[in-house]
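Below is one structure; the comments refer to it alone.
The values are calculated or read from the model by the stated rules, or taken from the named source; none is laboratory data. Note that this is a predicted model, so its numbers are computed, not measured. Positions of Cβ are backbone-derived with ideal geometry, glycine not excepted, and every protein chain shown enters the neighbour counts.
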């Protein structure tokens with residue numbers, strides 16, 4: 001089976017046939033740290049490509065088929081990428097599917113996502129991956145990539161047919177949701193990576209230390225009588241696996257870091273010259289275990305929300321570049337899976353629709369992190385898997401989101417684009433809302449507010 | 001913190017010192033009722049109390065049932081075994097079904113933290129937490145404070161040690177909060193494997209040895225669950241008993257001894273300690289009915305007394 005059947009480009013991202021946009025974004029405040037732009041610009045998009053970039057009101061629509069959008073007062077960022085989402089296809093479509101999950105991504109300003117393989121069945125076989133790719137080619141609203149499992153059934157015992165999975169389009173491998181407990185099995189996967197390529201992404205946790213834990217081990221778990229997951233459950237495995245990666249000269253990515261000790265282990269590995277990277281979620285950047293005092297199952301996730309010191313360290317590590325990117329770990333669950341006591345609730349929160357707004361409100365506005373750093377880290381996740389990085393520059397494919405930083409909204413008040421509503425920011429008032437997402441040259445999301453503005457500007 | 005309304009008793013945090021004292025005062029008057037030949041008052045006549053027990057319980061369930069009956073309420077007691085819960089019905093569906101009977105109160109015991117709080121969100125009834133996971137058991141703490149207050153008067157400055165498996169104990173958590181609200185100093189003591197990390201954040205002290213147990217005015221001993229041995233929390237019950245068992249040799253004259261029951265004789269307590277005049281274990285059980293009558297009365301019939309801390 002030739003790979004080109006499934007991977008339209010070598011980039012291993014898949015989506016439905018997208019109508020290529022012809023749009024003039026007028027007078028947007030463009031911020032693209034990689035292009036060193038932070039000024040008002042007109043952006044002309046022809047046939048899905050950025051055809052021109054000019055001073056405000058300098059560009060004109062060269063024909064009737066170009067839609068003009070008045071972006072005055074709005075920011076234009078390179079659209080975001082998310083290297084860690086759960087789209088639930090196949091088998092758990094009652095939570096989410098590729099169409100709804102990628103629509104939620106578009107609504108959050110994302111132009112590309114990478115889906116995890118812990119579905120039902122698990123993506124541990126090339127036939128399953130090929131059918132997923134077919135589904136994505138029919139229904140994905142934004143380009144979608146797939147990681148395949150490292151071990152069959154996520155069982156941690158036998159390697160998947162990694163080379164065939166790569167040929168079928170896998171960007172890389174992960175047993176996300178579970179750690180690879182056996183160092184011996186992981187070592188063989190790292191060795192095999194020299195044959196098949198593909199980043200190996202790791203959910204780090206030592207089950208012997210996590211035990212029955214359902215939240216961060218600390219003062220709050222002591223108060224609530226909930227079993228704790230100690231920070232060292234994560235960090236000791238990061239240290240172990242970084243050492244293995246160094247020994248095997250392998251490429252490893254650490255998923256959803258949550259703890260100070262994990263940041264230290266990642267930093268040490270990078271300083272030792274090991275080819276590692278790391279990601280952090282919006283919820284770990286903005287929330288702490290203190291909110292678990294509510295016993296609201298929306299705040300149950302793995303890894304758990306940790307202390308304020310951990311949160312602060314994660315923010316600093318993201319700024320320093322020790323942590324490379326932001327990833328939502330978008331994890332939709334049906335209502336009945338969350339409307340149960342905390343200990344029984346499913347793990348995870350949705351995150352695609354709120355990622356930017358949550359970080360902007362809780363981290364940028366209080367002055368902890370600069371906006372350009374956030375934009376950089378929201379657009380760097382797919383490059384780790386060898387994919388292109390969205391940029392706002394002439395000649396680039398149009399991957400742009402328009403954001404109204406002045407907008408305030410209550411999360412969930414108008415429902416969600418995602419099929420699930422288990423958002424840890426539900427009910428919170430956030431600042432900064434995505435109004436338009438152009439993904440791979442196509443308008444993937446457009447808010448009603450923008451049509452209203454457009455009508456005003458045309459009149 | 002989530003907002004809790006005054007018509008529920010879900011956590012000791014729902015009560016300030018005044019609210020606790022009001023319940024204890026009310027319990028004193030109900031204790032008098034329990035001394036009469038006809039142990040019944042008409043306070044809750046025509047109202048329904050549902051006891052929903054998802055965990056085995058003898059003294060808590062029976063004392064709630066008796067308390068509601070002595071207040072003349074109609075009582076429905078449901079245990080998970082043999083009910084729709086056994087057939088996989090969710091807590092939410094069970095509570096909404098029972099709510100159709102328009103109960104004035106739902107008393108719930110669950111193996112999971114936060115269950116009582118969820119029930120309060122799903123039912124218009126007043127909800128009383130009869131133990132939720134390892135989180136809280138507020139009526140146990142109230143009856144313990146009641147028992148102590150009868151012996152000591154005010155608890156201000158009293159030095160109270162809680163000894164044993166604090167990690168898995170909802171009784172310990174509710175008591176740490178309640179005793180401190182009443183002005184006592186609390187120290188928890190047990191094997192380091194069974195003392196929660198950062199427990200000091202609750203305001204108590206923690207120590208791994210009984211070396212200073214003589215400083216305690218009250219020694220409150222927790223039940224050592226036998227299965228803990230299999231999880232390697234303690235190497236053996238023998239070693240646990242050697243290090244932590246309270247016997248009459250370790251008990252200083254004048255110290256009071258408490259235990260929430262049921263006791264493992266010869267493990268956390270020696271038989272001579274249980275039977276010593278310093279032990280208040282029987283008084284604790286006796287207090288259970290009066291205190292639970294007081295809680296039901298204050299939530300369902302009394303003035304909005306519990307609003308103070310809410």
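Flag not set for residue B:175, criterion: assigned by TED's automatic domain parsing to the domain that holds residue B:53, in contact (Cβ under 8 Å) with a residue 12 or more places away in the chain and in contact with a helix residue (DSSP H, G or I) (Cβ under 6 Å, 6 or more places away or on another chain). Evaluation of residue B:168 against the conditions (1) outside any loop (DSSP other than H, G, I, E, B); (2) surrounded by 20 or more Cβ atoms within 10 Å (Cβ to Cβ); (3) within 14 Å of another protein chain (Cβ to nearest Cβ) shows that the sole unmet condition is (1).
Scanning the range B:123-134 finds one or more residues that are more than 14 Å from chain A (Cβ to nearest Cβ), in a loop (DSSP other than H, G, I, E, B) and within 22 Å of the chain's Cα centre (by Cα).
Taken over the range A:296-305, the criterion of being surrounded by fewer than 24 Cβ atoms within 10 Å (Cβ to Cβ), within 12 Å of another protein chain (Cβ to nearest Cβ) and outside any helix (DSSP H, G or I) is satisfied by A:296 alone.
Quickly run through the range B:148-164 and pick out the residues that are buried (at least 24 other Cβ atoms within 10 Å of the Cβ) and away from chain A (no Cβ under 14 Å). Before the answer, list the steps.
Residues of the range B:148-164 buried (at least 24 other Cβ atoms within 10 Å of the Cβ): B:148, B:160-164.
Across the range B:148-164, the qualifying residues are B:148, B:160, B:161, B:163, B:164.
Tallying residues that are under 19 Å from residue A:337 (Cβ atoms), at pLDDT below 90 and surrounded by 16 or more Cβ atoms within 10 Å (Cβ to Cβ) within the range B:73-94 yields 1. Considering only the range A:201-221, state which residues are free of Cβ contacts under 8 Å to residues at least 60 places away in the same chain, within 11 Å of chain B (Cβ to nearest Cβ) and touching a strand residue (DSSP E or B) at 6+ places or on another chain (Cβ under 7 Å). The answer is A:217, and nothing else.
Does residue B:143 fit the bill of being assigned to a helix (DSSP H, G or I), more than 30 Å from residue B:232 (Cβ to Cβ), within 10 Å of chain A (Cβ to nearest Cβ) and touching a helix residue (DSSP H, G or I) at 6+ places or on another chain (Cβ under 8 Å)? Lay out the reasoning, then the answer.
Details: assigned to a helix (DSSP H, G or I): yes; more than 30 Å from residue B:232 (Cβ to Cβ): yes; within 10 Å of chain A (Cβ to nearest Cβ): no; touching a helix residue (DSSP H, G or I) at 6+ places or on another chain (Cβ under 8 Å): yes.
Spelling it out, it is not the case that residue B:143 is assigned to a helix (DSSP H, G or I), more than 30 Å from residue B:232 (Cβ to Cβ), within 10 Å of chain A (Cβ to nearest Cβ) and touching a helix residue (DSSP H, G or I) at 6+ places or on another chain (Cβ under 8 Å).
Residue count for the range B:199-220 satisfying the condition of being part of a loop (DSSP other than H, G, I, E, B), surrounded by 13 or more Cβ atoms within 10 Å (Cβ to Cβ) and either more than 14 Å from chain A (Cβ to nearest Cβ) or touching a residue at least 60 places away in the same chain (Cβ under 8 Å) (or both): 5. I'd like the residue in the range B:276-288 that is farther than 11 Å from residue B:146 by Cβ and either modelled with pLDDT under 95 or in a helix (DSSP H, G or I) (or both) and, out of all such residues, is nearest to the chain's Cα centre (by Cα). The qualifying residue nearest to the chain's Cα centre (by Cα) is B:285.
When the range B:256-269 is filtered for residues that are without any contact (Cβ under 8 Å) to a residue 40 or more places away in the chain and touching a strand residue (DSSP E or B) at 6+ places or on another chain (Cβ under 7 Å), the ones remaining, listed by number, are B:257, B:259.
When the residues of the range A:444-459 are filtered to those that are surrounded by fewer than 17 Cβ atoms within 10 Å (Cβ to Cβ) and under 13 Å from residue A:404 (Cβ atoms), the one that is modelled with the lowest pLDDT is A:452.
Looking across A:190, A:186, A:195, A:224, one residue alone is within 14 Å of chain B (Cβ to nearest Cβ) and out of contact with any strand residue (DSSP E or B) (no Cβ under 6 Å at 6 or more places or on another chain). It is A:224.
Residues in the range B:1-15 that are surrounded by 15 or more Cβ atoms within 10 Å (Cβ to Cβ), away from chain A (no Cβ under 14 Å) and either more than 17 Å from the chain's Cα centre (by Cα) or at pLDDT below 95 (or both): 2 in all.
Restricting the range A:330-348 to residues that are more than 12 Å from chain B (Cβ to nearest Cβ) and in contact with a helix residue (DSSP H, G or I) (Cβ under 8 Å, 6 or more places away or on another chain) leaves a set whose member that is farthest from residue A:107 (Cα to Cα) is A:346.
Does residue B:46 meet the test of being under 30 Å from residue B:214 (Cβ atoms), more than 14 Å from chain A (Cβ to nearest Cβ), surrounded by fewer than 24 Cβ atoms within 10 Å (Cβ to Cβ) and without any contact (Cβ under 8 Å) to a residue 60 or more places away in the chain? Spelling it out, it is not the case that residue B:46 is under 30 Å from residue B:214 (Cβ atoms), more than 14 Å from chain A (Cβ to nearest Cβ), surrounded by fewer than 24 Cβ atoms within 10 Å (Cβ to Cβ) and without any contact (Cβ under 8 Å) to a residue 60 or more places away in the chain. Within the bounds of the range B:221-230, is there any residue that is buried (at least 16 other Cβ atoms within 10 Å of the Cβ), over 21 Å from the mean Cα position of the chain (by Cα) and within 26 Å of residue B:184 (Cβ to Cβ)? No, that holds for no residue. Restricting the range B:180-198 to residues that are under 18 Å from the mean Cα position of the chain (by Cα) and within 14 Å of chain A (Cβ to nearest Cβ), the residue that is farthest from residue B:210 (Cα to Cα) is B:180. Applying the selection to the range A:400-440, what residues are in a strand (DSSP E or B) and more than 22 Å from residue A:113 (Cβ to Cβ)? Matches in the range A:400-440: A:404, A:405, A:406, A:407, A:408, A:409, A:410, A:429, A:431.
For every residue, the table says whether it meets (1) in a loop (DSSP other than H, G, I, E, B); (2) closer than 20 Å to residue A:167 by Cβ; (3) at pLDDT below 95.
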| residue | (1), (2), (3) |
| --- | --- |
| A:88 | yes, no, no |
| A:104 | no, no, no |
| A:111 | no, no, no |
| A:130 | no, yes, no |
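As a summary of the residue check, residue A:308 satisfies the conditions (1) touching a helix residue (DSSP H, G or I) at 6+ places or on another chain (Cβ under 8 Å); (2) crowded, with 17+ Cβ neighbours inside 10 Å except for the one numbered (2).
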